[in-house]
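Report on the structure given below.
The values are calculated or read from the model by the stated rules, or taken from the named source; none is laboratory data. Fair warning: this is a prediction, and the values are worked out from it, not measured in the lab. No Cβ is skipped: glycine too gets one built from the backbone with ideal geometry, and neighbour counts run over all protein chains shown. What goes into the accessible areas is simple: the full protein's heavy atoms, side chains included, and nothing from ligands, DNA or RNA. Shrake-Rupley method; radii C 1.70, N 1.55, O 1.52, S 1.80 Å.
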Amino acid sequence: MSDVQEFDAIIVGAGFAGVHQLIQFRKLGLKVRLLEAGGGLGGVWYWNNYPGARVDSENPIYQFSDPELYKDWNYSVKFPDWREIRQYFEYVDKKLDLSKDVSYNSRVVSAIWDESADRWTLTTEAGTVYRTQWFSLCVGIGSKYYIPPFKGIETFKGEIHHTSRWPKDYDVKGKRVGVVGTGSTGVQLIQDIAPLVDHLTVFQRTPNLSLPMRQEKLDLEEQKKLKDYLYPIQFGRRLQTFSGYLHDLDMKPTLETTLEERTLAYEDKWQKGGFHFWIGSYGDIFFNQEANDVAYAFWRDKTRARINDPEMKEKLAPMKSPHPFGVKRPSLEQSYFEVYNQPNVDLIDVNKNSIVEITPDGVRTSDGVEHKLDALMFATGFDMVTGGVTAIDIRGQDGIPIKEKWVDGVRSYLGLGSATYPNMFWIYGPQSPAAFSNGPSTIEFTSEWIADVIKHCRENNLSHVVAAKEAQDAWSEQLQQIASMGLWTGAKHSWYMGSNIEGKKVELLQFPGGVPVYYKAIMDSAAKGYEGWVFK
Ligand code: N01
């Protein structure tokens, strides 16, 4: 066993969560290693380099809140793209000398718990073996990509990729490109490449109820001034709002407002852009269908006005809502709907005209037409939230892989860990607020919570901590109870519910109670001597 590398803590994944966790573990004085499948820091921003990839969280909250880091960093726009976010990670890396504790190109394939030694054994794809007392999973919610099993896919002669594996420097200029999927990725990609391609064919199953981003350039001098007095308040504010953004839900019931009042409010949010019209608007849209219909009608009328062709209007913004507004994640767009006014863009509704097969030259649909393509790009999403966890063969006290344990539904306590998997925590994963919140907002305090519980163990001579089964059952049931009051099941295919992946258990995968409630729950547990956790 001499080639086994021993550490106090291993972190898997080097996005915002893994990097923050590394910083916390260093502060504790742990001997720590971060294992990352990719060749650099950034997590989703390392992998998602398709044209148009850009974050939907606005400056300044898409960065770490440490003044030592933000004082010397400035994004150039309100919603930065993948290049700038990768530059941000490079900046943080350089400033804190992070990479010396990171093993890149190290994909972890298994993690096995040894109860007799209170240690995890982690093995990478290349066969490198690590032993560690503490194990923090920071694999994000979108690390396992998904391509539907279309017939004939292997026969296609042109470029064929999932968007998260976009070929470096691939130039779409003058090409006939097909895009399957109109989620957040599809919307961003489509609006970016439409002006460049010779012809674009979009295969849509569900229209994306996208909102105007309203991108802005940021003034460097202005940013510098705001850092002194406003940034600390803004970063603090993240703990007080439902989604960890700067705007918050309005808890006044939609239908208790007058038509004038809500129209003015809607218009104001629409003009502000970003997610103001969604998670900065009336909160009852998630629970009350009538309220939801009112919001949808506003969205629909605004959107249809941007589209010329009546058939196209109906495909992209139908008179009747395809699902309750906001129960699938809207994308933020800049010119998405205008794309469909271009003569060289086709939009195929696969509900009416399904994809029958991929041919060597393109895609054949059920009307018999072969859509000839030079490139076919799958913006078909991910095995979201749980896929990155279950892709690793994780076995705890009873030796049962977590993948098997979760066949009938995720089981976690506080969205931080699971019974029978001691000393293993995750950040921004199943049953936490995850993508119901701005990433760094939730990541920072959960990462600190995990560091605190490890500190507690070390100070009290405890070698192991694990979620109690009863506490876990209560948390998981409470989550599904809140979910059952909402409208999330109104969308047929939705990664929020796991229903985008054939055969996956349909259930809400993230905590829907909001950041302040979640924050209070985990802090209350800690304050009560880590209630719900069992120590040894
Ligand atoms: O994936 P998705 P994504 N035939 O699952 C379609 C984050 N993100 O990569 O809607 C035809 O949302 C599917 O159709 P339908 C963000 O949290 C953030 O776009 O299921 N179509 C859908 O249109 C986001 O929500 C950012 O009916 C098929 C698309 O493929 C999450 O990642 C940017 C199909 C998949 O959409 C995932 O987004 C990008 C089939 N068989 C992503 N199967 C930003 O912050 C699937 N589809 C900006």
Practice item. Output the number of residues of the stretch 38-54 satisfying the condition of being in a loop (DSSP other than H, G, I, E, B) and either buried (at least 22 other Cβ atoms within 10 Å of the Cβ) or within 14 Å of the ligand (Cβ to nearest atom) (or both). Key: 9
Point to revise | In the stretch 107-134, the residues that are part of a strand (DSSP E or B) and among the acidic types (Asp, Glu) | key: ASP114
Check your understanding: Does the stretch 312-320 contain at least one residue that is in contact with a helix residue (DSSP H, G or I) (Cβ under 6 Å, 6 or more places away or on another chain) and touching a residue at least 12 places away in the same chain (Cβ under 8 Å)?
Key -> yes
Point to revise | Which numbered condition ARG237 fails, given (1) surrounded by fewer than 21 Cβ atoms within 10 Å (Cβ to Cβ); (2) within 16 Å of the ligand (Cβ to nearest atom) | key: (2)
Check your understanding: When both residues are 6+ apart or on different chains and their Cβ atoms are under 8 Å apart, which pairs have a first residue that lies in the stretch 55-74 and is in a loop (DSSP other than H, G, I, E, B), and a second that is within 16 Å of the ligand (Cβ to nearest atom) and among the acidic types (Asp, Glu)?
Key -> VAL55/ASP81
Practice item. Kindly indicate which of ALA53, ALA37, ALA111, ALA17 is more than 30 Å from LEU332 (Cβ to Cβ) and of a type outside the set (Asp, Glu). Key: ALA111
Exercise for review: Taking the options LEU200, LEU211, LEU218, name whichever one is surrounded by fewer than 18 Cβ atoms within 10 Å (Cβ to Cβ) and not basic (Lys, Arg).
Suggested key: LEU218
Practice item. Mind listing just one residue for me: the one in the stretch 356-372 that is open to solvent by less than 10 Å² (accessible area, probe 1.4 Å) and within 16 Å of the ligand (Cβ to nearest atom) and, of those, nearest to LYS504 (Cα to Cα)? Key: ILE358
Exercise for review: Pick out, from the stretch 333-432, the strands (runs of 3 or more DSSP E) lying fully within it that include 1 or more residues that are touching a Gly at 6+ places or on another chain (Cβ under 9 Å) and under 30 Å from PHE25 (Cα atoms).
Suggested key: 424-426
Review point. When residues of the stretch 190-227 are filtered for being basic (Lys, Arg), away from the ligand (no atom under 12 Å from the Cβ) and farther than 20 Å from ILE279 by Cβ, how many remain?
Key: 4
Check your understanding: In the stretch 166-192, what residues are over 22 Å from ARG205 (Cα atoms) and either touching a helix residue (DSSP H, G or I) at 6+ places or on another chain (Cβ under 8 Å) or assigned to a helix (DSSP H, G or I) (or both)?
Key -> VAL172
Point to revise | Residue among TYR104, TYR146, TYR88, TYR130 that is within 27 Å of ILE402 (Cα to Cα) and within 16 Å of the ligand (Cβ to nearest atom) | key: TYR146
Study note, to complete from the structure: With criteria (1) surrounded by fewer than 24 Cβ atoms within 10 Å (Cβ to Cβ); (2) out of contact with any Gly (no Cβ under 8 Å at 6 or more places or on another chain), TRP120 comes up short on (1)
Point to revise | Residues being open to solvent by less than 40 Å² (accessible area, probe 1.4 Å), part of a loop (DSSP other than H, G, I, E, B), of a type in the set (Gly, Ala, Ser) and over 17 Å from VAL345 (Cβ atoms) - total across the stretch 279-320 | key: 2
Point to revise | Extreme residue, surrounded by the fewest Cβ atoms within 10 Å (Cβ to Cβ), among residues of the stretch 433-452 that are part of a helix (DSSP H, G or I) and of a type in the set (Ser, Thr, Tyr) | key: SER441
Exercise for review: For the stretch 453-509, name all the residues that are within 16 Å of the ligand (Cβ to nearest atom), open to solvent by 10 Å² or more (accessible area, probe 1.4 Å) and small (Gly, Ala, Ser).
Suggested key: GLY490, SER499, GLY503
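One line per residue, one yes/no per condition, for (1) more than 19 Å from SER418 (Cβ to Cβ); (2) β-branched (Val, Ile, Thr); (3) not in a loop (DSSP other than H, G, I, E, B):
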residue	(1), (2), (3)
ALA474	no, no, yes
GLN478	no, no, yes
ILE482	yes, yes, yes
THR489	yes, yes, yes
HIS493	yes, no, no
TYR496	yes, no, yes
GLU502	yes, no, no
GLN510	no, no, no
VAL517	yes, yes, yes
Review point. Just one of the numbered conditions (1) over 27 Å from the mean Cα position of the chain (by Cα); (2) closer than 19 Å to GLY514 by Cβ; (3) of a type in the set (Lys, Arg) is not true of LYS269; which one?
Key: (1)
Review point. If we keep just the residues of the stretch 315-351 that are over 29 Å from ASN288 (Cα atoms) and among the charged types (D, E, K, R), which is nearest to the ligand (Cβ to nearest atom)?
Key: ASP346
